[in-house]
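All of the numbers you see were taken from the coordinates with simple rules; none came from a lab. Please read all numbers here as calculations on a predicted model, not as lab measurements. Glycine gets a Cβ as well: all are built from the backbone with ideal geometry, and neighbour counts include every protein chain shown.
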Amino acid sequence: MSAMGDEGSKTGPSSEVRTASSTTGGSEISSFQSPLCASPARFVLKPGQFLHDADATESLASFTRRTCSMSVFSLFFDYTTVIAKDTKENCSVGESHPMLNRFKDVRCFDKNRVKVKHPDGTHDFLHANYVDGFREKNKFILTQAPLEQTSEQFWAMIFQENVVLIVALIALDDKQCRRYMPIKNGTTVNFGAYTIEHHGTQQIRDTYDATILKIRHGSEPERKLLHICYFDWPDKGTPTRPTEMLNLIADMNYNRRLMMEEAEKSGWLKSGTQSPIVVHCLAGVGRSGTLAALDICCRKLDYTEKQSTGPMVDVKDAVLRLRTQREMAVQNPEQYLFLHLAVIEYALRQRYYDDVDTIDLSSFNGYTV
């Protein structure tokens, strides 16, 4: 697929890892503006309700027929109706700390920001937002790639939020994203009060690898976490095939469960304690938002397939809701198109279709392989 990157205008500078299947630069953000006038998307939840649930959706069959009937242009236009509903949330805390924002035009909502006290005690701003998953509050934390001046705060967030899994959708090569962790087995890096130790890396499939890290902070018990680095998402594109992202998401969820179970046995994570998945790319909105949206849609398909309604999904609704928690999530129309194709591929893989002969994606030639 050909697409734009997820960057904006800059302001500042071994345990075995398993796969789920083993057991069963600096370009300007697109100024893509909608010609439509629309009311902002607002979702008022009652106690006990989830932002992403089985309602407000359409059947898989209807979604597929509609997608197959569209062209690249019409899907791109559909994306304009999404961004036209963006909410104008308060972002004053981040705006008061411009040097802590990687890009001046990628803002961080105040209402659901992750508050992490700075080492000097002067503020608690880090460019990160809690993001809900399907029927799971705060499943994700979407954040920008750490800057030199925010690396210690990044690890403070990992410790504070009981994180066992980090997913990086960008290579840690010091060119775009500084190395915020040791890169060789047995080596250690200190970020202020936090000590990070490398305990081995192994390549998972062809497009990402996984590293076991141990983190120490003061007299607290040592913690082990998994760092997955997906290195094949082009700077100005989308993954070559939806399969690659679907594999990543399956392994992400599977290994999160394993790491949480191990943490509970080790005693540092209490049973029932939440452990968000920290996801970052460069800005933490385009690639990161696409991964979160795809996971939401896939989990909705899995959940509703077991219900009397049969499999249900609504990519547009998922993206609308996601963007109320992380500004600019799913940043460009190419990523929006990719989501539609990836959802169809996932449903095919899971055999959720009664009749596959009706699926005709010929209008998207050049966007699939």
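Positive-end ranking of Met70, Leu294, Met99 along the dipole of the chain, with charges on Cβ about the Cα centre, is headed by Met99. In straight-distance terms, cross-link reach from Lys306 covers every one of the lysines whose alpha-carbon lies under 27 Å from its own, apart from those fewer than eight places away in the same chain; here that gives Lys46, Lys137, Lys139, Lys316.
Think of the chain as a dipole: +1 on every Lys or Arg Cβ, -1 on every Asp or Glu Cβ, centred on the Cα centre; then among His198, Asn247, Ile83, His198 lies furthest on the positive end. In a simple Cβ point-charge model (Lys, Arg +1; Asp, Glu -1; nothing else charged), the stretch 225-336 has a dipole of about 240 debye relative to its Cα centre.
Report summary: the helix-based calculation at 222 nm, which adds -39500 (n - 2.57) for every DSSP H run with n ≥ 4 and divides by the residues of the chain, gives -9000 deg cm²/dmol.
Each residue of the stretch 245-256 is assigned a 3J(HN,Hα), and the resulting list reads 6, 5, 4, 4, 5, 4, 5, 4, 5, 5, 6, 4 Hz, derived from the Karplus form 6.51 cos²θ - 1.76 cosθ + 1.60 (θ = phi - 60°), x at Gly and Pro. Note on the chain: dipole from Cβ charges, positive end direction compared against His127, Ser363, Ala61; the farthest Cα belongs to His127.
With +1 assigned to the C-beta of every Lys and Arg and -1 to the C-beta of every Asp and Glu, and no other charges, what is the dipole magnitude of the stretch 47-364 about the Cα centre in debye, to the nearest 20?
Computed charge dipole of the stretch 47-364: roughly 520 debye.
Would you mind calculating the relative contact order of the stretch 47-364 from Cα pairs under 8 angstrom and at least 6 residues apart, reporting the percent as a whole number? Over the stretch 47-364, the number comes to 24 percent.
Protection proxy ranking for 159-172, 62-75, 340-353, using the average of other Cβ atoms within 10 Å per residue and placing the highest first: 159-172, 340-353, 62-75. The phi torsions of the stretch 175-184, fed into the Karplus equation with coefficients 6.51, -1.76 and 1.60 and a -60° offset, translate into couplings of 7, 9, 10, 5, 6, 9, 8, x, 10, 10 Hz, rounded to whole numbers, with Gly and Pro shown as x. The fraction of Cα-Cα pairs per 20 angstrom bin, counted from 0 for the stretch 47-364, comes to 32, 58, 10, 0 percent, rounded to whole percents.
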